[in-house]
Protein chains: 2
Amino acid sequence: MATSYLPAEPADPAGARPADPDVRPALFSPAEYDRRLEAVRRRMAYQGLSALVVTDPANLFYLTGYDAWSFYTPQMLFVPLEGEMLLYLREMDANGAFRTSWLPQEQLIGYPERYVHRPHLHPFDWVAFDLRRRGRIAPAAKGCVGLEMDAHFFSPKGYRALVNALPEWTLVDAFELVNWVRAVKSEAEIQYLRTAGRVTAAAMQAAIDAVEPGAPQNRVAAQIARAQAEGVDGAWGDFPAIVPMLPTGASADTPHLTWSDRVLQPGDAVVVELAGAHRRYHVPLARTVMLGPPSDELLRLEAAVAEGLQSVLDTMAEGVPVRELASAWNWALAGHGLEKHSRLGYSIGIGYPPDWGERTISIRSEDESVLAENMTFHIICGMWMTGYGYEVSESVRVTRTGVETFTSFPRALIRK
Amino acid sequence: MATSYLPAEPADPAGARPADPDVRPALFSPAEYDRRLEAVRRRMAYQGLSALVVTDPANLFYLTGYDAWSFYTPQMLFVPLEGEMLLYLREMDANGAFRTSWLPQEQLIGYPERYVHRPHLHPFDWVAFDLRRRGRIAPAAKGCVGLEMDAHFFSPKGYRALVNALPEWTLVDAFELVNWVRAVKSEAEIQYLRTAGRVTAAAMQAAIDAVEPGAPQNRVAAQIARAQAEGVDGAWGDFPAIVPMLPTGASADTPHLTWSDRVLQPGDAVVVELAGAHRRYHVPLARTVMLGPPSDELLRLEAAVAEGLQSVLDTMAEGVPVRELASAWNWALAGHGLEKHSRLGYSIGIGYPPDWGERTISIRSEDESVLAENMTFHIICGMWMTGYGYEVSESVRVTRTGVETFTSFPRALIRK
């Protein structure tokens, strides 16, 4: 900490700590965390940023390992172009952050409890002052400071707090800077995704077993949720960023309705969309279960979607433009007289509520990205028609020559 | 819709719909929804607002009944001081919104899919233009327009989109306007909370049954999650806004660490914090389970917290200032040589991830609120010491003369 002529607050509210068996080992090697930070700083330099303010919990986890359900109060990681990162959390969370983050205790800073949920204060008022006290404001003022302007837990009030407290900073949108670094996975990350895929398969099997006439949706959800946390041998289940979705019957035309006690009936088509998660890495998967004989419309969708999905998977490989995947899908669907307006998939990896997507690459014709090895996607063929719907999906890794799927569930409509 | 001289987009992307058995009946009477809107508008008038932009999913649910896991893309309810409300959602979500919201289809408006996750566009660019096309901008410009500046899913980018597109609007913080209206519950809401309390009790029992030496945390979480969705007869479980928390052993000094496969050991104290939910209403509860003989420090905490919690509950009743609850707690704790810096509880009701608190009343000495009948709170006596911790809590309703607790679990340290 630089010499300061401003009044000091207690330096470390947590105090010194004894050795502790409940400190989790770092998930990745120091070299991997170093590579991540270097990649972030290369992009920062390219975008003219002298500092970056990170608030997205998935990005905090990616850069520091910090993992807790504390993102409902403001938190931020200050990433200068040079010098040490500082992680700001609510005081009670900063005290325990060393259990999951590899950052040394002096870089874990708690803002006082009295800043939580106050109409006339914001924790970032305190954070801005603390950064000033540590001499971190002036160096960052030499360039622009990037903010995650569209992150889920960065509110306009937090943004205004920074604008007001730091007039010498030129604040610009960093866009999804860290999210874009996350798009290509390391070998270690791929291993966690493969493990998550095993949790996914167990959860989908639990769902298929539970879907039957007479079962209320919430009982199906209960079995999925149990399997998602239980996992399988050697693959424990972390909490998923989104709860199981079970669009059923006529309401299967809308994708994001959550469950109720609605009882499944013979003749219902039940869409199951869920993810298995392992150490925050997510593998989503969707299938549709038919209770009884399917309608002609549903059979038509099944055939069209099967062909479209296969066509997309056959097209995927390193070097292929993303828009070609959309094109392959659209051609296949058009052959069946169908079209789909919404995007066909998105980049996946680390997830925190409310989303397991990375908010970078979307598989649609407007996207200008090109596939690279070890990018990972959820290809979600959801067809939400008027009064019925059908979904099937795969989570995949791009290889040099094609794709690896993270699960191996049959892709047909599941008939029960 | 007012006459417009601006170019029209398709009026209703969903088209006309047939009668549908999967439309959920409204949870509350039209009269109750009317009362809620009237109460919101009274506050709006007092705050000088001619319109209010609502983005918090819990507030959307409160005013319109809309309930889906769609809050990871921007959504807003436009509430003018006079005239009809308009609910803006992503197109695929607006199509199905009639299944949970009582708003007529013409007030459910979908923004185009091409605005989702684009770096140079924001859905609120489109929403602002649509409001203009409908003639809704000028009337709202007569006063101030309130924004939920600290809502979880309202990003600075969405805020800047409104600032840029609507220069004639004077944008002010509405603070937690709708949240404050929610603070006092109706009889119907209290009934849902009582039902949620039954789910809570079942989930806590499942937790206590599962906590035993040799069990990995994720197995305990699996049993809790199952019970939370399964519920009990006549009380189905909705998804909770926060996953089960299981701070264990030395890591019980930090409250928001989520589970891993850490195996429970003899001698561990395991804190269980969870909620049961029913139709988005939440009843949280915390207990501590001791595997084997408790330490002297833990016994000391147990006694102090039991006395403190009882003292708080004895003090609660309509008309009592909230700060007196903090005072009662602090006196009881001081008698045991202890103190607690963080708040002692908060208002509860409707919850969406990432929080089941209402972000209004916090039980602490700085709070200036006065208790009213049918306010509901989670009184959470969490003591996070260095290297160990203890939690016990109650969720309660304020009555004219005291409190009603929503569950009746014994309050002592649970010994197994």
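The values are calculated or read from the model by the stated rules, or taken from the named source; none is laboratory data. Quick caveat: nothing in here was measured; it's all calculated off a predicted structure. Every residue, glycine as well, gets a Cβ built from its backbone with ideal geometry; the counts of neighbours run over all protein chains shown. Only protein heavy atoms, including side chains, enter the accessible area calculation; ligands, DNA and RNA are left aside. Shrake-Rupley method; radii C 1.70, N 1.55, O 1.52, S 1.80 Å.
Each label was represented as a point 7 Å from its Cα along the Cα-to-Cβ direction; for residue A:37 and residue B:45 these points are 5.8 nm apart. Taking the C-alpha atoms only, the angle from helix B:187-210 to the longest principal axis of chain B is near 40 degrees.
Taking the label point 7 Å along Cα→Cβ, residue A:23 and its counterparts in the other copies are spaced 6.0 nm apart, in ascending order.
Ordering B:346, B:252, B:237 by Cα displacement along the dipole of the protein assembly as shown toward the positive end leaves B:346 in first place; charges were set at the Cβ atoms of Lys, Arg (+1) and Asp, Glu (-1). In this assembly of identical copies, the label point of residue A:265 (Cα plus 7 Å along Cα-to-Cβ) is separated from its counterparts by 5.5 nm, sorted shortest first.
The angle between the Cα long axis of helix A:296-315 and the longest principal axis of the Cα atoms of chain A comes to about 50 degrees, rounded to the nearest 10.
Each copy carries a label point for residue A:385 at 7 Å from Cα toward Cβ; from one copy, the others' points are 6.4 nm away, ordered from shortest.
Restricting to DSSP loop positions (anything but H, G, I, E, B) with no more than 16 other Cβ atoms inside 10 Å of their own Cβ, which GluC sites (Glu not before Pro) remain in region A:139-190?
Numbers: sites: A:148, A:168, A:176, A:187, A:189; in loops: A:148, A:168, A:176.
For GluC sites (Glu not before Pro) across region A:139-190 that sit outside H, G, I, E and B with at most 16 neighbouring Cβ atoms in 10 Å, the list reads A:168.
I need the fraction of alpha carbon pairs in chain B separated by more than 27 Å, rounded to a whole percent.
Numbers: 47651 of 86320 pairs.
Looking at chain B, the distances longer than 27 Å represent 55 percent of pairs.
Note on residue B:53: accessible area is roughly 0 Å² with a 1.4 Å probe, heavy atoms of protein only. Of the peptides B:363-375, A:218-230, the order by per-residue mean of other Cβ atoms within 10 Å, starting with the highest, comes out as A:218-230, B:363-375.
Legend: mean number of C-beta atoms from other chains within 10 angstrom of residue C-beta atoms, peptide B:229-235, equals 4. For residue B:157, the aspartates and glutamates whose Cα comes closer than 15 Å to its Cα, not counting residues fewer than 8 places off in the same chain, are A:56, A:148, A:150, A:173, A:176, B:125, B:148.
Using only Cα coordinates, the Kirkwood hydrodynamic radius of region A:299-349 works out to 11.4 Å. Rounded to the nearest whole angstrom, the semi-axes of the ellipsoid equivalent to region A:187-415, taken from the Cα gyration tensor as √(5λ), stand at 26, 23, 13, largest first.
For the pair residue A:233 and residue A:168, what calculated FRET efficiency results from E = 1/(1 + (r/R0)^6), where r is the Cβ-Cβ distance and R0 = 45 Å, to the nearest 0.05? Present the calculation step by step, with values, prior to reporting the outcome.
Values: r = 56 Å, r/R0 = 1.24.
For residue A:168 and residue A:233, the calculated efficiency is 0.20.
Placing a label point 7 Å from the Cα of residue A:341 along the Cα-to-Cβ direction, none of the residues of region A:290-329 has a backbone N under 14 Å of that point.
When you filter the GluC sites (Glu not before Pro) in region B:256-351 for DSSP loop state and at most 16 other Cβ atoms inside 10 Å of their Cβ, you are left with B:318, B:339. Computed from backbone phi, the HN-Hα couplings of region A:63-70 come to 8, 10, x, 4, 8, 7, 8, 10 Hz, rounded to whole numbers (Karplus: 6.51 cos²θ - 1.76 cosθ + 1.60, θ = phi - 60°; Gly and Pro given as x).
Could you tally the net charge around residue B:336, taking each other residue with its Cβ under 13 Å from the Cβ of residue B:336, Lys/Arg +1 and Asp/Glu -1? For residues surrounding residue B:336, the net value is -3. The Rg/Rh ratio for the protein assembly as shown, using Cα coordinates for both the radius of gyration and the Kirkwood hydrodynamic radius, is 0.94.
Shape analysis of region B:50-102 yields a ratio of the Cα radius of gyration to the Kirkwood radius, Rg/Rh, of 0.94. From the alpha carbon centroid of region A:361-416 to that of region A:79-101 is 36 Å.
Within 10 Å of each candidate Cβ there may be at most 12 other Cβ atoms; applying that plus a DSSP loop requirement, which trypsin sites (Lys or Arg not before Pro) in region B:111-196 survive? Could the numbers behind the result be given before it?
Numbers: sites: B:114, B:132, B:133, B:134, B:136, B:142, B:157, B:160, B:182, B:185, B:194; in loops: B:134, B:136, B:142, B:185.
Counting only loop positions with at most 12 other Cβ atoms within 10 Å, the trypsin sites (Lys or Arg not before Pro) in region B:111-196 are B:142.
So what does log10 I(q)/I(0) come out to for region B:187-309 at q = 0.10, 0.11 Å⁻¹, using the Debye formula with one equal point on every Cα and no solvent? The calculated log intensity ratios at q = 0.10, 0.11 Å⁻¹ are -0.32, -0.38. A Förster distance of 60 Å, applied to the separation of the beta-carbon atoms of residue A:415 and residue B:327, puts the FRET efficiency at 0.40.
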